[in-house]
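*Asks:* Pasting in a structure now, in structure tokens, and then I'll have a few things to ask.
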Amino acid sequence: MKSLKILSALALVLVAAALVIIRLGDYKSGYEVGDVAADFNLKNVDGSRISLSDFKEAHGFVVVFTCNTCPFSRANEDRIIALDTKYKALGYPVIAINPNNPEVSVGDGFEAMQLKAREQGFTFPYLVDEGKLVYAQYGATKTPHVFILQKEAGALVVKYIGALDDSVRDPATVTTKFVADALDLLLAGKAIKTTSTKAIGCSIKV
């Protein structure tokens, strides 16, 4: 009887272990192209709360995980403003999110974000990733890291993931504008040719 109980206990342990392995195998670290993205509600530098559902007239979004302190992010600021200026009017506004923990990355606190937005003349929301949950949900690993979303039948479908263009440091040497090209194709009703690229930047500080 004792041996039977031990065998039963071992069987339960093996079943539990198998379920864990199955779940780990099914786990995806962030979104992939074609996935449906969830909405969020985050604090903007002006103190308001921003959700993607607030933008009723938008066709989609350019979600950019960026920050104050990373030199790659700073090198992209003017390009992100230009992207928002052009494509917001066409239905694809930029939504910038700072995922960094200011206790780890000095200079990425809320007041510093407010100052950055004012000094650089940000034309888009610059949001705090409170709880550091949104960047993980998206699977962002760098600053900057870009996700293009498109509204389809009421859902936000991920259409592109990666870099803004092919020269993250120097705008003068850009030869391919990944995000702009993707948006132009979406606006023309065509399929995006390059749906993912490698995001190059600083590791997110959490």
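The values are calculated or read from the model by the stated rules, or taken from the named source; none is laboratory data. Every value quoted in this text rests on a predicted model; they were computed, and no experiment measured them. Cβ coordinates were reconstructed from backbone atoms using ideal geometry, including for glycine residues, and neighbour counts include every protein chain displayed. Ligands, DNA and RNA are stripped out before the accessible areas are found, and what is left, the full protein with its side chains, is counted by its heavy atoms. Shrake-Rupley method; radii C 1.70, N 1.55, O 1.52, S 1.80 Å.
*Asks:* Among the residues of segment 48-64, write down those that are open to solvent by 50 Å² or more (accessible area, probe 1.4 Å) and either among the aliphatic types (A, V, I, L, M) or assigned to a loop (DSSP other than H, G, I, E, B) (or both).
*Replies:* Going through segment 48-64, the residues open to solvent by 50 Å² or more (accessible area, probe 1.4 Å) turn out to be 49, 53-57, 59.
Hits for segment 48-64 are PHE55, LYS56, GLU57, HIS59.
*Asks:* Still on this structure, please answer the following. Across segment 160-185, what is the total count of residues that are surrounded by fewer than 22 Cβ atoms within 10 Å (Cβ to Cβ), within 22 Å of GLU57 (Cα to Cα) and under 19 Å from the mean Cα position of the chain (by Cα)?
*Replies:* Total satisfying the criteria: 2.
*Asks:* Moving on. Has segment 188-206 got at least one residue that is in a strand (DSSP E or B) and open to solvent by less than 40 Å² (accessible area, probe 1.4 Å)? Even if it seems obvious, please write down each step before you answer.
*Replies:* Our first condition is that a residue be in a strand (DSSP E or B); within segment 188-206, this holds for 196, 202-203.
Within this subset, residues satisfying the condition of being open to solvent by less than 40 Å² (accessible area, probe 1.4 Å) are 202.
Scanning segment 188-206 turns up at least one residue that is in a strand (DSSP E or B) and open to solvent by less than 40 Å² (accessible area, probe 1.4 Å).
*Asks:* Does GLY107 meet the test of being open to solvent by 30 Å² or more (accessible area, probe 1.4 Å), at positive phi and outside any loop (DSSP other than H, G, I, E, B)? Please lay out each step first, then the result.
*Replies:* On the way: open to solvent by 30 Å² or more (accessible area, probe 1.4 Å): yes; at positive phi: yes; outside any loop (DSSP other than H, G, I, E, B): no.
Against the criterion (open to solvent by 30 Å² or more (accessible area, probe 1.4 Å), at positive phi and outside any loop (DSSP other than H, G, I, E, B)), GLY107 does not qualify.
*Asks:* Let me ask something else. At pLDDT 95 or above and over 15 Å from ASN68 (Cβ atoms), is that true of ALA117? Quick ask: steps written out before the conclusion?
*Replies:* Working: at pLDDT 95 or above: yes; over 15 Å from ASN68 (Cβ atoms): no.
No, not satisfied.
*Asks:* Please verify whether LEU187 is within 20 Å of LEU83 (Cα to Cα) and not charged (D, E, K, R), treating the condition exactly as stated. Steps first, please.
*Replies:* Working: within 20 Å of LEU83 (Cα to Cα): yes; not charged (D, E, K, R): yes.
So LEU187 fits the description; yes.
*Asks:* Here's a follow-up. Give the residue, chosen from ASP129, ASP78, ASP84, that is among the charged types (D, E, K, R), touching a residue at least 24 places away in the same chain (Cβ under 8 Å) and farther than 23 Å from SER167 by Cβ. Reasoning before the result, please.
*Replies:* Working: ASP78 fails: farther than 23 Å from SER167 by Cβ; ASP84 fails: farther than 23 Å from SER167 by Cβ.
Only one candidate passes the filter, namely ASP129.
*Asks:* What is the number of the single condition among (1) in contact with a helix residue (DSSP H, G or I) (Cβ under 6 Å, 6 or more places away or on another chain); (2) part of a helix (DSSP H, G or I) that ILE80 does not meet?
*Replies:* (1)
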